[in-house]
Amino acid sequence: MERNLEGLLFPGSVAVIGASGTPGKVGHALFANVVASFAGPVYAVNPKYTELLGRPCVASVEKLPEPVDLAVVVIPAEHVAGVLKSCGERGIRNVVVVSAGFKEAGEEGAKRERELVEIAQRYGLNVLGPNVLGLISTRVGLNATFAPRGALPGEIAFMSQSGAFCTSVLDWAWHEGLGFSHFLSLGNKAVLTEVDFLSAFARDPQTRVIVAYLEGVSDGEAFIRTAREVTKEKPVVVLKAGRAEAGARAVSSHTGTMAGADQAYEAAFRKAGIIRAQNVEELFDYAYALAKQPLPKGRRVGIVTNAGGAGVMAADAVEWEGLEVARFTEDTARRLADRMPKAANIYNPVDILGDAHADRYKEAVRLVAGDPNVDMVVALSAPVAILTFAELAEILAWARQKFEKPFVCSFMAGKLGEEAEELLRKAGIPSFFDPARAVRTLRVLCDYLEIQRRPREEPRPLAVDRARVEEIVRRAIAEDRPRLGLEAMEVLSAYGIPTARGGLARTPEEAAQLAQHLGEKVVLKVVSSEISHKSDVGGVLVGVESERVEEAAAMMLRQIRRKFSDARLEGIFVQELLPPGREVIVGMVRDPTFGPLVMFGLGGIHVEVLRDVAFAVAPLSPGEAEDLVHRIRGFPILKGVRGEPGVDVPRLVEVVERLGRLAADFKEIVELDINPLLCYPDKVVAVDLRLTVTGEEGT
Ligand code: ADP
Ligand code: MG
């Protein structure tokens, strides 16, 4: 259910509970900020005063003259529960709990936090925090934080799981002239989480970009579902910190060893259409460009420079970022030839030389930006004696107005470039020393364009035998056999994934009998829940002639028994021999935050060496399954290279889709590897499967 956060984000009246008259106290700093910033009614609650900073002060929540839209609580943790109850009774719906001493402070604090959640639920309170810096809403002019500085108005909504990072950003943003619509710290996220604010910011017309610093996500499924909708309308840029593995997870599969928390976030962000920033620099470069620049129509970049080297660097960056160096129309090329000096380079990057005055620069920008083959423009300049950076900034501000195209610039200068900063800021043109950084922000505009256009397809219904799998899984759990044996192959069949024919033999004689129905040659595999990688121990014999099966099986068992005297051997899997094909791996692990994570990659016994794998959060739409298969580096090998035939990619994609369904349908399946799935031009077949189930909830 979506919460109504209007009163929290756009309050008409505010009370600060625990406001203090003692400078140096958080309750003082926060109250002073509210008083200084907010035009609506402001009340203090503190039994020690009747008036504070010229505002009425009452002894308790009960004594407030009106049920304010927003209460900000700055009192010792042990009193917070009582105050929350009073707020609930008084009809106050929105509360920011600044106080620390909750979940972050040990067992006692955790208990307090549970009580807080319980009270919030009982009264239907929107609680931000506890343990937060506070919030800022520039539209209503409210700074309800204890930070030394507020925020300028702007189009960026910012939320952060770290309060300290908030204060750093506020101070830096002031210096940079960067503005915000909303600015808040999420704290312990006891009640309101990033998901609530994603929806709320999405609805706010002043917000153009949503930016978040997150260390974790509270509810992975809700996060993806919400963000997927929000990113259709507005870009969301997230810096996710903390790459450490979440908890100790017992992994034994290939997929498990290659999937960490970071892959899960990467996959979740992809599914949700979130733009991921790798560091603080990227976070705000992207946020600023997305807030201030229009989206391009395509990926073609026009480059104008008065310095050759800068142009070359920009062109390199364009290639590197996967953008295109635009090819001008004949018309543009002719005009450039007419109007630029003979020695100038009139092809992209356009180098108008170091002796260019403002007129020449402006004319070049006009021609390049006006070219229909140019979707975005990078303007570059080194310090030159005859053209100031202020003049350049004016040219760009003019061009930005005239053409509905993204503009970024790189003035490769230090002190001299400062004169242009204010002008560029007013025009909303991102400016960087490094041309590569300028180009990178253009790439992000293209990324968002792609995200916005991407269809939000749902998974489609697939014909599967769910009841059959339920039975197999339930039996394995009841019998306490976490690693499924041969019946795992049946699980695949029930979900429409083709498997190699074969059967389990208890003895070498039985193996010989089974082999008779499986062709002239067969494959023998040892079956034991204690042996993970069968070929490592000589437990796989490929291409054994039918008449030699008994002898070969006996020898294989003898050898393995010699090496693993106490391993329990369940028998021998006799399988049809398949012709050589491309080996891929399709696997699944369950991530603690986002749930089933499907992995696809080049497989076989070298999968950990090649590490050419990609991840996606299940269930998968057909488009997502296709994207997953296409994303690996080695995809051309599957497509067919150098005259070799390709594999049946549509069938392969369908297997990935079906495995995603299986993973989503059965929470009991914790890990799964099909390795290899053998792929041919006309079919795909699973020959080896490892599948682990658990009866425990929440793994
Ligand atoms: P493990 O991974 O435990 O070593 P596999 O069943 O995956 O055992 O077999 C190892 C390799 O043997 C596979 O990667 C594949 O190259 C080959 N292989 C296995 N089964 C067959 C089969 N039925 N037909 C052809 N080759 C097979
Ligand atoms: Mg294998």
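Treating the angle as unsigned and between 0 and 90°, give the value, to the nearest 10°, between the Cα long axis of helix 649-665 and the longest Cα principal axis of the chain. Once rounded, one gets 80 degrees. The residues packed around Asp375, meaning those with a beta-carbon under 10 Å from its beta-carbon, carry a net charge of +2 if Lys and Arg are +1 and Asp and Glu are -1. With respect to the chain, whose longest principal axis is taken over its alpha-carbon atoms, helix 330-339 is tilted by about 40°. Rg/Rh for the chain stands at 1.08; both radii use Cα atoms, and Rh follows the Kirkwood definition.
Using alpha-carbon pairs under 8 Å, 6+ residues apart, how would you state the relative contact order of the chain in percent?
RCO, the chain: 9 percent.
Loop-located trypsin sites (Lys or Arg not before Pro) in region 34-100 (DSSP state other than H, G, I, E, B) with a sparse environment of at most 16 neighbouring Cβ atoms within 10 Å: Lys48.
Past 31 Å, Cα to Cα: identify those pairs from Lys25/Lys63; Lys103/Lys240; Lys240/Lys534; Lys232/Lys683, in the order given.
Numbers: Lys25/Lys63 24 Å; Lys103/Lys240 21 Å; Lys240/Lys534 39 Å; Lys232/Lys683 37 Å.
Pairs exceeding 31 Å: Lys240/Lys534; Lys232/Lys683.
Axis angle, to the nearest 10 degrees, between helix 435-453 and the longest C-alpha principal axis of the chain: 70 degrees. Just tell me which aspartates and glutamates come within less than 12 Å, Cα to Cα, of Lys426; anything on the same chain fewer than 8 places away is out. Once the sequence-local aspartates and glutamates are set aside, what remains near Lys426 is Glu176, Glu394. Within the same chain, aspartates and glutamates fewer than 8 places from Lys297 are excluded, and of the rest, those with a Cα less than 19 Å from its Cα are Glu233, Glu319, Glu321, Glu324, Asp371, Asp375, Glu404, Asp447, Glu450. Dividing the convex hull volume of the alpha carbon atoms of region 501-576 by its residue count gives 71 Å³ per residue. Between the alpha-carbon centers of region 188-205 and region 637-667, tell me the distance in whole angstrom. Between the Cα centres of region 188-205 and region 637-667 lies a distance of 37 Å.
Using alpha carbons only, how many angstrom separate the centre of region 116-143 from the centre of region 147-162? So the two Cα centres are separated by 15 Å.
Listed by chain and number, the aspartates and glutamates whose alpha-carbon sits under 18 Å from that of Lys85, ignoring those within fewer than 8 places in the same chain, are Glu62, Glu66, Asp69, Glu113, Glu115, Glu118.
With both residues required to sit in the chain, DSSP beta bridges show an antiparallel share near 50%.
None of the figures in this text is laboratory data; all of them are computed from the coordinates on show. Remember, predicted model here, so these are calculated numbers, not experimental data. So basically every Cβ, Gly included, is an ideal-geometry build from the backbone, and we count neighbours across all protein chains shown.
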